[in-house]
Structures are given as structure tokens and as C-alpha cells.
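Okay, structure first, notes after.
The values are calculated or read from the model by the stated rules, or taken from the named source; none is laboratory data. The shown structure was predicted, so the numbers you read here are calculated from the model rather than taken from an experiment. Note that each Cβ is placed from the backbone with ideal geometry, even for glycine, and that neighbours are counted across all protein chains shown. Side chains are part of the model used for accessible areas, which takes the heavy atoms of the whole protein and leaves out ligands, DNA and RNA. Shrake-Rupley method; radii C 1.70, N 1.55, O 1.52, S 1.80 Å.
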Amino acid sequence: MYVCNCNGLRQRDVAQAIEAGASRPRDIFERHQCQAQCAKCVCEMRQMIQDSREAFALAAE
């Protein structure tokens with residue numbers, strides 16, 4: 001499933017960037033050497049980052 005249609009970023013691309021340390025949508029775009037176009041994807045990216053943080057916190061307990 002595509003998260004960013006403008007840059008062709010799929011869910012797995014975003015997840016890989018988050019796993020590699022991306023903590024902001026800007027980091028995800030930089031990792032894939034692109035930039036936000038319409039920015040409709042930014043909210044979904046932020047949610048994916050938050051979900052990842054929560055999963056990490058639960059695993060650490």
C-alpha cells in the first residue's frame with residue numbers, strides 16, 4: 001500500500017526508514033532522497049512513527 005503517492009513511497013519503505021532511525025516525516029523523505037509534495041502523507045507517517053515508538057516501549061517493559 002502506498003503512503004506517499006507523490007514520491008511512490010510504500011508502507012514498507014516508510015517502516016524501513018523508521019526502523020533505521022527516522023523520527024520525523026522529514027527524515028523519511030531524506031532517507032529516500034525526496035521531499036514532501038502535497039504533504040497528505042505526513043499525518044500517516046507521523047502515526048506510523050508514533051505506533052513504532054509505542055511498540056518499542058511495550059517491548060521494553
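Take the solvent-accessible surface of the protein heavy atoms, probe 1.4 Å, and return the percent of it on the chain that carbon and sulfur atoms account for. Heavy-atom surface of the chain belonging to carbon and sulfur, 1.4 Å probe: 45 percent. Against the chain, whose longest principal axis is taken from its Cα atoms, helix 42-60 shows a tilt of about 20°. Label separation (Leu58 vs Gln35): 3.7 nm, computed from points 7 Å beyond Cα along the C-beta direction.
The residues of the chain present an accessible area of 73 Å² per residue when probed at 1.4 Å with all protein chains retained. Helices in the chain, meaning DSSP H runs of at least 4 residues, each add -39500 (n - 2.57). Divided by all residues, the mean residue ellipticity at 222 nm is -17500 deg cm²/dmol.
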